[in-house]
Amino acid sequence: MNTIFALASAQGRSGVAVVRISGPDAHEMCMTLCGRIPETKGMMLSVVKDASGAALDQALVLRFDGPASFTGEDIIELHLHGSIAVVQAVLKALGDDPRMRLAEPGEFTRRALENGKMDLAQVEGLADLIESETEAQRAQALRVVSGELGTLVENWRAHLIRAAALIEATIDFADEDVPVDVSPEVMELLGMLSSDLGRQISGSKMAERIRSGFEVAIVGAPNAGKSTLLNALAGRDVAITSEHAGTTRDVIEVRMDLDGLAVTVLDTAGLRVGQDEVESMGIERALSRANTADLRVFLTDDPESFDLEVRDGDIVVSPKADITGKGVSGLTGQGVPDLLNSITQTLIKRSSSAGLATHERHRVAMIATLEVLDRVVPLVSSGPEHYDICAEELRSATRLIEALVGRIDVENLLDEIFSSFCLGK
């Protein structure tokens, strides 16, 4: 493999900039730049020089030997002063060396995958961890990065292999008297696996919402105070407010962090018969976004007056408490803290059911596996004459599970996954 390098810290001026070098020539490149290398698992302070011997910076140099490194290869890290000019000079010195190549997006992590340091689910979890903005996103991504999903999948795989081995042993001895009926143990293994898969599938949608963020739509009649309420929730003026009905024509979005959960609050057009073509389009958009939102806040005393059904868990609150004395008012702030707390607690309660599978790809693989098991169970109950079909179905289920963590059939996914990583990761 080529030896690759890239800036592993953020672009721009900073206190410290980290340049990472990984591959078979990492140690030799360190010798070229610094004249020496740190001791094994060690570090040193050294002047970094270019090929002409000109000093570029004084850096803290760290050494990580493969296979006990992030990529599984020899790694050298240069912790430089975070000047844009310093970083550019060091990257140029590396790029001018024929042994070096600038890393592609996500290539360090891809090498970690290829060298068995991470599974594919951990790679996706690392991408989610880098992108995390809230505490819930961080905690969820860290669980995946630490290998919890991979451990669970490995347990499922072991159940499938054991069940298949029992079935195939019966097939191998089809012409002889088999002393033990394997079907009870096979059924127990498949039952446990189906139950686990069902729980994770049920929790996958909520895990995805934690990762990507919840949507909360404020809906109500025109001039009910929806935009004023959105401004109050956001703590700033993000929506135009007016005493004239129908001011809001499009969906306005505000991203918020509610007790660690990423939440996008939507201000929608007032629900009524549109007075013109533009308002009608806004109302259509409002209904569309409200129908797909995770939670709706109905700002009304009569939710049945809208062509939008109140779902279980939605919040109904009276508008304009500054006039009526009850409910919520974005103008005065009355009831806003209570409403914000209700939204937060509702979403926290829903989040408690989140599973470990955080991507649609995970959910699809688990559903496909469960569908295979649903076909196998009645075949096992039908007797040994169907065991050859059972064995093939179990092998199919095993391949589906292995693909979930990247053991097989994932090459077509890798480019898409790693393209979201920065160069230094």
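The values are calculated or read from the model by the stated rules, or taken from the named source; none is laboratory data. Bear in mind the structure is a predicted one, so any value in this text is a computation, not a measurement. A quick note on method: Cβ atoms are made from the backbone with ideal geometry, for glycine too, and the neighbour counts reach across all protein chains shown.
The set of residues in region 212-227 being surrounded by fewer than 22 Cβ atoms within 10 Å (Cβ to Cβ) and either assigned to a helix (DSSP H, G or I) or under 14 Å from the mean Cα position of the chain (by Cα) (or both) consists of SER212, GLY213. Within region 318-332, the set of residues being out of contact with any helix residue (DSSP H, G or I) (no Cβ under 6 Å at 6 or more places or on another chain) and surrounded by fewer than 20 Cβ atoms within 10 Å (Cβ to Cβ) comprises SER318, ASP322, ILE323, THR324, GLY325, LYS326.
Okay, residues lined up against (1) touching a residue at least 12 places away in the same chain (Cβ under 8 Å); (2) within 15 Å of THR71 (Cα to Cα); (3) among the hydrophobic types (A, V, I, L, M, F, W, C); (4) exposed (fewer than 13 other Cβ atoms within 10 Å of the Cβ):
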| site | (1), (2), (3), (4) |
| --- | --- |
| ILE4 | yes, yes, yes, no |
| GLY23 | yes, yes, no, no |
| VAL47 | yes, no, yes, yes |
| ALA54 | no, no, yes, yes |
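Out of all the residues in region 143-152, is one or more at pLDDT 90 or above, more than 30 Å from ASP374 (Cα to Cα), under 15 Å from the mean Cα position of the chain (by Cα) and not aliphatic (A, V, I, L, M)? Yes - at least one qualifying residue is present in region 143-152. In the set (1) in contact (Cβ under 8 Å) with a residue 60 or more places away in the chain; (2) more than 30 Å from ARG255 (Cα to Cα); (3) outside the structural domain of ALA68 (by TED's automatic domain parsing), THR151 fails one condition alone, (1). Could you please let me know if ARG99 is modelled with pLDDT under 95, touching a Gly at 6+ places or on another chain (Cβ under 7 Å) and farther than 20 Å from MET118 by Cα? For ARG99, the condition - modelled with pLDDT under 95, touching a Gly at 6+ places or on another chain (Cβ under 7 Å) and farther than 20 Å from MET118 by Cα - is not met. Just one residue in the set LEU120, LEU126 is at pLDDT below 90, over 15 Å from ALA207 (Cβ atoms) and of a type outside the set (Gly, Ala, Ser); that residue is LEU120.
Against the condition in contact with a Gly (Cβ under 8 Å, 6 or more places away or on another chain), crowded, with 18+ Cβ neighbours inside 10 Å and more than 19 Å from GLY15 (Cβ to Cβ), how does GLU73 come out, does it pass? Answer is yes for this residue.
Within region 64-108, being over 14 Å from VAL19 (Cα atoms) and either assigned to a strand (DSSP E or B) or over 31 Å from the mean Cα position of the chain (by Cα) (or both) holds for ASP96, ASP97, PRO98, ARG99.
Taking region 1-15 as the range and being in a strand (DSSP E or B) and under 20 Å from GLU131 (Cα atoms) as the test, the residues that pass are ALA6, LEU7. The residues in region 117-155 that are assigned to a loop (DSSP other than H, G, I, E, B) and within 23 Å of ALA68 (Cβ to Cβ) can be counted, and the count is 5. Considering region 348-373, the residues that are of a type in the set (A, V, I, L, M, F, W, C) and under 11 Å from ARG211 (Cβ atoms) include one that is surrounded by the fewest Cβ atoms within 10 Å (Cβ to Cβ), namely ALA354.
Within region 128-149, the set of residues being out of contact with any Gly (no Cβ under 6 Å at 6 or more places or on another chain) and surrounded by 21 or more Cβ atoms within 10 Å (Cβ to Cβ) comprises ASP128, GLN137, GLN140, LEU149.
Would you tally the residues in region 358-406 being under 30 Å from SER132 (Cα atoms) and either in contact with a Cys (Cβ under 9 Å, 6 or more places away or on another chain) or assigned to a helix (DSSP H, G or I) (or both)?
Counting residues in region 358-406 that are under 30 Å from SER132 (Cα atoms) and either in contact with a Cys (Cβ under 9 Å, 6 or more places away or on another chain) or assigned to a helix (DSSP H, G or I) (or both) gives 15.
Within region 323-338, the residues that satisfy the criterion of being at pLDDT below 90 and in a helix (DSSP H, G or I) are ILE323, THR324, VAL336.
Among the residues of region 360-373, which ones are within 14 Å of the chain's Cα centre (by Cα) and within 13 Å of GLY203 (Cβ to Cβ)? Within region 360-373, HIS362, ARG363 qualify. All of (1) surrounded by 19 or more Cβ atoms within 10 Å (Cβ to Cβ); (2) modelled with pLDDT under 90 hold for ILE343 with one exception: (2).
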